[in-house]
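J.: Got a structure for you, written out below as structure tokens; questions coming shortly.
Just so it is clear, none of the values below were taken in a lab; they were calculated from the coordinates. Small disclaimer: the values here were computed from a predicted structure and weren't measured. Positions of Cβ are generated from backbone atoms using ideal geometry, with glycine treated the same way; all protein chains shown enter the neighbour counts.
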There are 2 protein chains.
Amino acid sequence: MENEAKKSPASRLSIGVDFGGTYVKLALVRFEERNYKIVGYSFFPTKQYSRQGLIEQLIIRIIKLKAESTFKGLRVRGVGIGVPGRVDFHRGTVLDLTNVHDWRNVSLRDELERKIKVPIFVDNDANLMAYAESKYGAAKGFKDCVCVTMGTGVGGGIIIDGKIYRGANFAAGEIGHISINKNGPTCECGSRGCVERYVGNRFILEEAVQRLRQGAKSSVRERLNGRYENLTLEMLSDAGRRKDPFALNLWNEVGVHMGVVLASVVNMLNPQVIVIGGGVANAGKLILDPMRRTIRERAFSVSCQKLQILSSKCKEKAGIIGAAALALSDRNE
Amino acid sequence: MENEAKKSPASRLSIGVDFGGTYVKLALVRFEERNYKIVGYSFFPTKQYSRQGLIEQLIIRIIKLKAESTFKGLRVRGVGIGVPGRVDFHRGTVLDLTNVHDWRNVSLRDELERKIKVPIFVDNDANLMAYAESKYGAAKGFKDCVCVTMGTGVGGGIIIDGKIYRGANFAAGEIGHISINKNGPTCECGSRGCVERYVGNRFILEEAVQRLRQGAKSSVRERLNGRYENLTLEMLSDAGRRKDPFALNLWNEVGVHMGVVLASVVNMLNPQVIVIGGGVANAGKLILDPMRRTIRERAFSVSCQKLQILSSKCKEKAGIIGAAALALSDRNE
């Protein structure tokens, strides 16, 4: 393997797996210098399978993608798997998963390596998204970066010195559970005023619905015709882009709340780049502008000098690309 | 130098300098395996000298300590200097200092190396305190740790993988300026609700005086006899130890506020050790108990599994020991 790497350093092949709560997606990825190309793809629904069924499906699909690569005359160097939960990266063990039933202390690496004769790497999905951005995305070329994914929850990954920072219990990066209000609303995690409690999908919608019920004026109001439960984030993004003051105000608040927490992150870690990704981030400028402004208002000016706050470049592919990239890394990282 | 290090790895000598706003302290330190001993000491007042005068004093004192070491038959390997401000560690340049006048972009390392023929290392004092704790103090043996110093301000240093984490602008570790209340009182830094605004020396005293003026009952009240401006943190610590409910409540609040911010730090960095030092920390258990309780209430339980919250072991020597230890490190760290 070392020899071959020396012979053709320009082109390397690996498989990335994005193990989500809804779908498991697999991609055969060819990396060239600092770019990547997805050359094979496959996916299957998560919820149809038991734990053992999922592992079997994974094995079948990985072997199939490996066969495709052989057909193309290239060899798969490794498989990286990103899961929505905590992973003991060094042992390749899934410790616990969110939104996927019956996955505690599963030696996923060992189970797969018994059947697939390539190195397997397992890590947390937010870590891998951050890794993708730092290697091939918005933070390419920077050695330290913080990545935030805004969706149902607010996740995060920290890259220090080009490597994933995992923490003592593989639980680092929980930016969504930094409290921005010590007396704020109770969070599912047991703390209070966690930023996720203000900017998570569900809470944005709840807040919007509450305000509409209380009589707030908005173009979405007419569109819903009293059926507030049909409100979606897309409607709010659309309304914001059409300068609907109600929606603009709501997104502004999301941006300010994220700005408050990221100002604290900047004061603590002084990163050069913060990458914002995830579904909620699709509101784009509506969130990013107030977020950037709030960070600059609140964080140390010296720490903002070189700071760049960028949108994810790998987007929905970040997890799969990060997983595939990790499969090419040194296992001791 | 390499050769000599190989010959006697057990005993190495360096000079540590703690460049404070009130005193500059210098120590000749002998390191043996994982212990240290101060074998020479010197200090002078900071405010009596101009910038150039301070540099001259530093040179004179360092040369004198070096001479002492020669007398003892040992050779000084390097000099480490901790300053209260931002330092470009790689260039050895003091970027700006707090509480010391006229120090901006001073090439301290170059100025000293011209006169003293040993390697000079310059770094931020909170970074060096953290380094001392991680190498020879409470966090000895752990590769990641977060150190917090509670005094006039709340400072911090972050050690990752045994190395000081400095950030893109050498401004990382500002734990005192993590906001615990987005709408909280305005901080000198321009942000709102920074934890320093609740637990910095001055704010503890201000809060206590305000409550006493409003009629709060306490044993310190009689001691002050109306002269509230004479209240000190020592009086409040004493009163707390004697179970004065007013003081106990005040220290409890300090501990809870620190616990709130450290729970966020734990969720973000998942460190194995947090070391608490600095003057305010002298209140000891009065602060540490509610701090520990609050962290456990608020941070992810999995991140608390291995977490240790310890008092500083190097105490007031942390800065000088960290500086001396850094002088023995690889400059590329």
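J.: Collect residues whose amide H, placed 1.01 Å from N in the peptide plane, falls under 5 Å from the amide H of B:Ile180; neighbours closer than 5 in sequence don't count.
T.: Here B:Cys194, B:Val195 satisfy the definition.
J.: Given label points at 7 Å from Cα along Cα→Cβ, what nm distances, shortest first, separate A:Asp330 from the same residue in every other copy?
T.: Its label point is 1.0 nm from the equivalent points in the other copies.
J.: Also, I was wondering about something else. Please give me, ordered by residue number, the trypsin sites (Lys or Arg not before Pro) of region B:211-278 that lie in loop per DSSP and have at most 15 other Cβ atoms within 10 Å.
T.: Values: sites: B:Arg211, B:Arg213, B:Lys217, B:Arg221, B:Arg223, B:Arg227, B:Arg241, B:Arg242, B:Lys243; in loops: B:Lys217, B:Arg227, B:Arg242, B:Lys243.
Within region B:211-278, the qualifying trypsin sites (Lys or Arg not before Pro) (loop, at most 15 other Cβ atoms within 10 Å) are B:Lys217, B:Arg227, B:Arg242, B:Lys243.
J.: Let me check I've understood the local charge: for A:Lys140, count other residues with C-beta under 10 angstrom from its C-beta, Lys and Arg +1, Asp and Glu -1. What total comes out? Walk me through the intermediate numbers first.
T.: On the way: positive: A:Arg34, A:Lys135, A:Lys313; negative: A:Glu133.
It works out to a net charge of +2.
J.: What spacing in nm lies between the two simple spin-label points modelled at A:Phe43 and B:Asn99, each 7 Å away from Cα in the Cβ direction?
T.: 5.7
J.: I've got another one for you. Return the average number of partner chain Cβ atoms within 10 angstrom of each residue Cβ along peptide B:191-203. If you can, show how the numbers build up before the last one.
T.: Values: counts 9, 4, 6, 4, 2, 0, 0, 1, 0, 0, 0, 0, 0.
The mean count of partner-chain Cβ atoms within 10 Å per residue comes to 2.
J.: Follow-up. Of B:Thr70, A:Ala327, A:Ile287, which is farthest along the charge dipole of the protein assembly as shown in the positive direction, counting Lys and Arg as +1 and Asp and Glu as -1 at C-beta?
T.: B:Thr70
J.: Where does the charge balance sit around A:Glu56 when Lys and Arg score +1, Asp and Glu -1, over other residues with C-beta under 14 Å from its C-beta? Show your work: numbers first, answer last.
T.: On the way: positive: A:Arg51, A:Arg61, A:Lys64, A:Arg114, A:Lys115; negative: A:Glu111.
Value of the local net charge: +4.
J.: Follow-up. So what's the angle, to the nearest 10 degrees on a 0 to 90 scale, between helix A:245-269 and the longest Cα principal axis of chain A?
T.: Tilt of helix A:245-269: around 60 degrees.
J.: Turning to a different aspect of this structure: Report ³J(HN,Hα) in whole Hz for each residue of region A:59-72, in order, from the Karplus equation J = 6.51 cos²θ - 1.76 cosθ + 1.60 where θ = phi - 60°; Gly and Pro get x.
T.: Using θ = phi - 60°, the values come out as 4, 4, 5, 5, 4, 5, 5, 4, 4, 4, 5, 4, 4, 7 Hz.
J.: Only counting other Cβ atoms within 10 Å, I'd like A:Asp330, A:Asp110, A:Asp123, B:Asp88 sorted with the fewest neighbours first. Each step should come with its number before you reach the end.
T.: Numbers: A:Asp330 6, A:Asp110 12, A:Asp123 25, B:Asp88 17.
Result, fewest neighbours first: A:Asp330, A:Asp110, B:Asp88, A:Asp123.
J.: Antiparallel versus total DSSP beta bridges in chain A: what percent is that, nearest 5?
T.: Details: 36 of 55 bridges.
Counting only bridges with both partners in chain A, antiparallel ones make up about 65 percent.
J.: Over chain A, what relative contact order in percent results from Cα pairs under 8 Å that are six or more residues apart?
T.: Numbers: 679 pairs, mean separation 65.6, N = 333.
Reported as a whole number, the value is 20 percent.
J.: Can you tell me how region A:283-326 classifies by the Cα gyration tensor, rounded, prolate or oblate, using a/c under 1.5 as the rounded cut? Working shown, then result.
T.: Details: a/c = 4.37, a/b = 1.85, b/c = 2.36.
Since a/c reaches 1.5 but b/c is at least a/b, the shape of region A:283-326 is classed as oblate.
J.: Place a +1 charge on the Cβ of each Lys and Arg in region B:138-312 and a -1 charge on the Cβ of each Asp and Glu, then give the dipole magnitude about the Cα centre in debye, rounded to the nearest 20. Walk me through the intermediate numbers first.
T.: Values: 23 positive and 15 negative charges, 68 e Å.
Here the size comes out at about 320 debye.
J.: From the phi angles alone, apply the Karplus equation (6.51, -1.76, 1.60; θ = phi - 60°) to region B:308-315 and give each ³J(HN,Hα) in whole Hz, x where the residue is Gly or Pro.
T.: Whole-Hz 3J(HN,Hα) from phi for region B:308-315: 10, 10, 10, 7, 3, 9, 7, 6.
J.: Using θ = phi - 60° and the Karplus form 6.51 cos²θ - 1.76 cosθ + 1.60, what ³J(HN,Hα) does each residue of region A:150-157 get, whole Hz, x for Gly and Pro?
T.: Once rounded to whole Hz, the list reads 9, x, 3, x, 10, x, x, x.
J.: So for each of A:45-58, B:175-188, B:25-38, B:263-276 I average, over its residues, the number of other beta carbons within 10 Å; can you give me the resulting order with the highest mean first? Present the calculation step by step, with values, prior to reporting the outcome.
T.: On the way: A:45-58: 14.6, B:175-188: 21.5, B:25-38: 17.9, B:263-276: 26.9.
By packing density, highest mean first, the sequence is B:263-276, B:175-188, B:25-38, A:45-58.
J.: Looking at the square roots a ≥ b ≥ c of the eigenvalues of the Cα gyration tensor of the protein assembly as shown, which shape do they give, rounded for a/c under 1.5, prolate if a/b is larger than b/c, or oblate? Before the final figure, lay out each step's value.
T.: Details: a/c = 2.06, a/b = 1.30, b/c = 1.59.
Here the protein assembly as shown falls in the oblate category.
J.: Quantify how strongly other chains surround peptide B:134-143 by giving the mean number of their Cβ atoms within 10 Å of each of its Cβ atoms. Please report the intermediate quantities before stating the final value.
T.: Working: counts 0, 0, 0, 0, 0, 0, 0, 0, 1, 1.
Across the residues of B:134-143, the mean count of other-chain Cβ atoms within 10 Å is 0.
J.: Show the residues, 5+ positions off or on another chain, whose built amide H is closer than 5 Å to the amide H of A:Gly279.
T.: Correct list: A:Met150.
J.: B:Arg104 label points, 7 Å along Cα→Cβ, one per copy: pairwise distances from this copy to the rest in nm, shortest first?
T.: Label-point distances to the other copies, shortest first: 5.9 nm.
J.: If we count every other residue with Cβ under 15 angstrom of A:Tyr23's Cβ, Lys/Arg +1 and Asp/Glu -1, where does the sum land?
T.: Numbers: positive: A:Lys25, A:Lys47, A:Arg61, A:Lys317; negative: A:Asp18, A:Asp125, A:Glu316.
Residues near A:Tyr23 contribute +1 overall.
J.: Summarise the partner chain shielding of B:152-165 as one whole number: the mean count of Cβ atoms from other chains within 10 Å of each residue's Cβ.
T.: Going residue by residue through B:152-165 and averaging, the value is 2.
J.: Between B:Ser301 and B:Phe71, how many nm apart are label points set 7 Å from Cα along the C-beta direction?
T.: Result: 6.1 nm between the two label points.
J.: Could you list which residues have their amide H under 5 Å from that of B:Ile309, counting only those 5 or more apart in sequence or on another chain, with H placed in the peptide plane?
T.: Excluding prolines and chain starts, which carry no amide H, the hits are B:Ile274.
J.: Something else now. Restricting to the protein assembly as shown, compute how many DSSP beta bridges are antiparallel as a %, nearest 5.
T.: Working: 73 of 111 bridges.
That works out to approximately 65 percent antiparallel.
J.: Return B:His257, B:His90 ranked ascending by Cβ neighbour count within 10 Å, so the fewest neighbours appear first. Present the calculation step by step, with values, prior to reporting the outcome.
T.: Details: B:His257 25, B:His90 11.
Neighbour counts put them in this order, fewest first: B:His90, B:His257.
J.: OK, next. Placing the label point 7 Å from Cα along the Cα-to-Cβ direction, what are the distances from A:His90 to the equivalent spots in the other copies, shortest first, in nm to one decimal?
T.: Spacings between copies for this position, smallest first, are 2.9 nm.
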